[in-house]
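First the structure, in the form of structure tokens, and then the observations on it.
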Amino acid sequence: MTADHNRPTVVVVGSTMIDLVAYVSRMPGRGETLVGDRFQMGFGGKGANQAVMARLLGAEVVMVNCLGDDAYGEMTLDNFANYGIDTTNVNRVPGASGVAPIWVEPDGSNRIIIVPGANHRLTGEQAARSVRRTPSAAVVVGQLEIPQPTTAAAFEAARERGATTVLNPAPAARLSSGLLEMSDWLIPNEVEFEMLTGSSADSDSALVGFSRETATRLVVTVGEQGAAIVAGTGDRVVRVPAPTVDPIDTTGAGDAFVGAFAVGIALGLAELDAVRLGNACAADSVTRPGTQSSFPRPDRAGRFLADVMAT
Ligand code: RIB
């Protein structure tokens with residue numbers, strides 16, 4: 001594969017899940033059975049979602065992950081093929097693929113449980129080999145739904161190749177020093193930021209402090225308010241507002257942001273423009289139900305990219 005700067009290559013080393021989404025009027029209490037309003041099954045997993053968003057923006061996308069040998073694994077492979085995502089580095093193991101029961105309330109907010117299954121079987125050797133096999137990779141993206149040492153090995157291989165590494169530390173967990181050392185960018189949401197630091201993402205000094213402490217570039221997504229980036233020489237925070245929309249389902253919005261931001265960086269956009277692109281795709285996604293199914297299709301995503309490039 002050769003590098004094409006108009007169609008950069010983004011490698012996503014991460015998770016796939018089948019999302020089992022119930023739309024409910026409220027959360028049931030302990031021991032209570034509640035009648036839901038609607039159910040939707042869809043393709044999810046933070047890694048897969050980010051891969052799909054990057055692909056919808058026109059990037060060449062290579063997915064590196066591990067699926068079970070069940071029907072969900074087959075369905076996931078078909079889904080990647082439909083998007084034109086490279087599945088050469090998708091591994092299979094006996095057992096169950098990842099699943100994610102999700103509950104969405106009327107205000108669009110979600111609660112998610114992931115059961116990683118085969119996602120936890122991707123090894124560091126497999127992940128690093130896959131990255132080395134993709135010399136055109138401009139950006140390598142990871143999350144925390146697969147083991148941290150696996151992502152660290154992939155990022156190390158990415159660094160050897162001169163690719164930029166972007167870690168979405170979700171679901172929040174203490175970050176190993178090995179993974180942090182290999183991460184160029186960290187993109188938590190505000191809840192994850194608070195879990196990682198004990199501080200609110202409203203605090204500029206907390207953002208600057210965390211970026212310094214981890215020696216990473218930092219973007220924190222802050223829901224309907226958009227995103228905050230530690231900019232300049234790492235001493236100031238720029239808060240970039242998101243377009244105002246009426247949310248109906250926020251599931252996967254953070255992944256739309258990360259996938260779009262990764263494309264922006266891979267294209268060599270200014271960092272603030274990459275954040276704007278992330279905001280536009282994420283805000284648009286919350287106006288539709290589902291996860292990948294809610295992401296802007298290529299025409300619309302392409303317009304967001306063109307708008308950002310025109311400013
Ligand atoms: O970020 C949303 C995603 O988190 C869902 O698709 C679900 O699968 C979990 O990975």
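Taking the criterion of being away from the ligand (no atom under 16 Å from the Cβ), part of a loop (DSSP other than H, G, I, E, B) and of a type in the set (Ser, Thr, Tyr), the residues of segment 6-34 that qualify are 25, 33.
I'd like the full set of residues that are assigned to a loop (DSSP other than H, G, I, E, B) and among the aliphatic types (A, V, I, L, M), limited to segment 206-234. Passing the criteria: 215, 222. For residue 91, the conditions (1) in a strand (DSSP E or B); (2) touching a Ser or Thr at 6+ places or on another chain (Cβ under 9 Å); (3) within 25 Å of residue 195 (Cβ to Cβ) all hold with the exception of (3). Which residues, taken from segment 203-219, are open to solvent by 70 Å² or more (accessible area, probe 1.4 Å) and either under 17 Å from residue 274 (Cβ atoms) or polar (S, T, N, Q) (or both)? Once the filter is applied, which keeps residues that are open to solvent by 70 Å² or more (accessible area, probe 1.4 Å) and either under 17 Å from residue 274 (Cβ atoms) or polar (S, T, N, Q) (or both), segment 203-219 yields only 205.
Segment 96-198 holds strands (runs of 3 or more DSSP E) entirely within its bounds, and those carrying 2 or more residues that are away from the ligand (no atom under 14 Å from the Cβ) and farther than 30 Å from residue 23 by Cβ map to 137-142, 164-167. Inspect segment 56-74 for any residue being closer than 19 Å to residue 256 by Cα, within 14 Å of the ligand (Cβ to nearest atom) and touching a residue at least 60 places away in the same chain (Cβ under 8 Å) and give the result as yes or no. Yes, because at least one residue in segment 56-74 is closer than 19 Å to residue 256 by Cα, within 14 Å of the ligand (Cβ to nearest atom) and touching a residue at least 60 places away in the same chain (Cβ under 8 Å).
Residue-wise test of (1) out of contact with any Leu (no Cβ under 7 Å at 6 or more places or on another chain); (2) in a helix (DSSP H, G or I); (3) closer than 20 Å to residue 110 by Cβ.
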| position | (1), (2), (3) |
| --- | --- |
| 36 | yes, no, yes |
| 42 | yes, no, yes |
| 66 | no, no, no |
| 74 | yes, yes, no |
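Among the residues of segment 40-55, those identified as open to solvent by 10 Å² or more (accessible area, probe 1.4 Å) and either within 15 Å of the ligand (Cβ to nearest atom) or of a type in the set (Ser, Thr, Tyr) (or both) are 40, 41, 42, 43, 46. Selection of first residues in segment 16-42 that are within 23 Å of residue 171 (Cα to Cα) and of second residues that are more than 16 Å from the ligand (Cβ to nearest atom) and charged (D, E, K, R), restricted to Cβ pairs under 9 Å at least 6 apart or on distinct chains, gives the following pairs, ordered by first then second residue: 21/38; 22/37; 22/38; 23/37; 23/38; 24/37; 24/38.
Residue check: residue 93 meets all listed conditions (1) open to solvent by 20 Å² or more (accessible area, probe 1.4 Å); (2) at pLDDT 95 or above; (3) closer than 21 Å to residue 285 by Cβ but one, namely (3).
Say whether the condition of being of a type in the set (Gly, Ala, Ser), out of contact with any helix residue (DSSP H, G or I) (no Cβ under 6 Å at 6 or more places or on another chain) and either open to solvent by 40 Å² or more (accessible area, probe 1.4 Å) or in a loop (DSSP other than H, G, I, E, B) (or both) is met by at least one residue in segment 295-303. Lay out the reasoning, then the answer.
Initial filter on segment 295-303 (of a type in the set (Gly, Ala, Ser)): 301-302.
Narrowing the set further to residues that are out of contact with any helix residue (DSSP H, G or I) (no Cβ under 6 Å at 6 or more places or on another chain) leaves 302.
Then keep just the ones that are either open to solvent by 40 Å² or more (accessible area, probe 1.4 Å) or in a loop (DSSP other than H, G, I, E, B) (or both); that gives none.
The answer is no, given that none of the residues of segment 295-303 is of a type in the set (Gly, Ala, Ser), out of contact with any helix residue (DSSP H, G or I) (no Cβ under 6 Å at 6 or more places or on another chain) and either open to solvent by 40 Å² or more (accessible area, probe 1.4 Å) or in a loop (DSSP other than H, G, I, E, B) (or both).
Counting only residues that are touching a strand residue (DSSP E or B) at 6+ places or on another chain (Cβ under 9 Å) and more than 15 Å from residue 143 (Cα to Cα), segment 163-200 holds 2 of them.
The values are calculated or read from the model by the stated rules, or taken from the named source; none is laboratory data. Everything numeric in this text was worked out from a predicted model, so none of it was measured. Glycine gets a Cβ as well: all are built from the backbone with ideal geometry, and neighbour counts include every protein chain shown. All accessible areas refer to the heavy atoms of the entire protein, side chains included, with ligands and DNA or RNA removed. Shrake-Rupley method; radii C 1.70, N 1.55, O 1.52, S 1.80 Å.
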